[in-house]
Amino acid sequence: MTARPDTPRSRRERPAKPALTREGIVAAALRVLRAEGLRKLTMRRLAEELDTGPASLYVYVRNTAELHAAVLDELLGTVGPAPDEGDWRERLEAVLTAYTAMLFAYPDLARSALTARPSGPHYLDLIETLLALLDEGRVPPAQAAWGVDLLLQHATATAAEHTDEASQEDWDALRQAVREASEDDRPHLAGLAGPLLSGPPEARVSWGFQALISGIERTAVPE
């Protein structure tokens with residue numbers, strides 16, 4: 001007697017599921033992130049993706065914050081090393097721009113990265129690269145150490161600021177308010193309305209990095 005086609009298969013007949021690993025969990029998390037965004041990347045949704053229970057994931061990842069940090073670290077592997085061409089400032093800016101561009105591709109992750117604390121190999125490689133370039137420029141060690149944090153904060157905040165959270169109408173309203181500022185009540189704002197609104201995002205990002213790098217190079221860390 002043959003089984004009916006719709007007869008449920010015994011669990012013993014099903015192929016065994018691959019064993020859970022942290023690497024596999026992070027890879028699945030990346031699939032969910034790319035398909036559905038960071039807001040959908042919960043432990044419950046990830047458990048569904050891996051056909052397991054949420055409790056099984058906590059053996060490898062303590063909570064959602066650690067999961068997001070692990071995903072961020074994995075994506076940092078796409079930033080790449082410093083380019084070979086250019087002086088140390090240009091190469092440093094190139095690495096920071098690549099980091100910012102990666103976050104631009106994942107707007108929700110950019111906001112999360114403001115508080116995430118990755119500690120994986122790709123994040124450590126990024127820090128090493130930035131420190132090496134600052135050392136190449138003979139920036140004093142203490143200033144380089146504090147400066148790396150400042151540079152990454154600026155890059156992360158820049159990416160988070162330019163997410164799709166604000167509508168075009170919101171930006172248009174802000175621009176109009178700046179242009180219509182009264183010279184009597186806000187003379188500085190009215191006088192600089194043009195420069196305040198000028199420049200493409202790429203130019204502003206580049207200028208910001210250059211200003212920070214110059215400041216880090218020249219500003220001693222207090223003893």
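Tabulated data for the structure shown
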read-out	value
Percent carbon-and-sulfur accessible area, the chain, ignoring ligands, DNA and RNA, probe 1.4 Å	53
Average Cα contact separation per residue, the chain, under 8 Å, 6 or more apart, as relative contact order %	18
Residue of G24, G191, G86 that the Gaussian network model of the chain assigns the largest fluctuation, springs spanning Cα pairs under 10 Å	G191
Option label - Kirkwood radius over Cα pairs in Å computed here, alternatives (1) 18.3; (2) 20.8; (3) 17.7	(2)
Rounded accessible area per residue of the chain, 1.4 Å, Å²	65
Size of charge dipole - the chain - debye, nearest 20, with Cβ of Lys, Arg +1 and Asp, Glu -1, no other charges	1480
Within a Gaussian network of the chain (alpha carbon springs, distance under 10 Å), most fluctuating of G208, G199, G137	G199
Selected from R22, R45, R179 as most flexible by GNM, with the chain as the system and alpha-carbon contacts under 10 Å	R179
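The values are calculated or read from the model by the stated rules, or taken from the named source; none is laboratory data. All figures in this text were calculated on a predicted structure; none of them were measured in a lab. Quick reminder, even Gly has a Cβ in these numbers, built from the backbone with ideal geometry, and neighbours come from all protein chains shown. The area values use the complete protein model at the heavy-atom level, side chains included, leaving out ligands, DNA and RNA. Shrake-Rupley method; radii C 1.70, N 1.55, O 1.52, S 1.80 Å.
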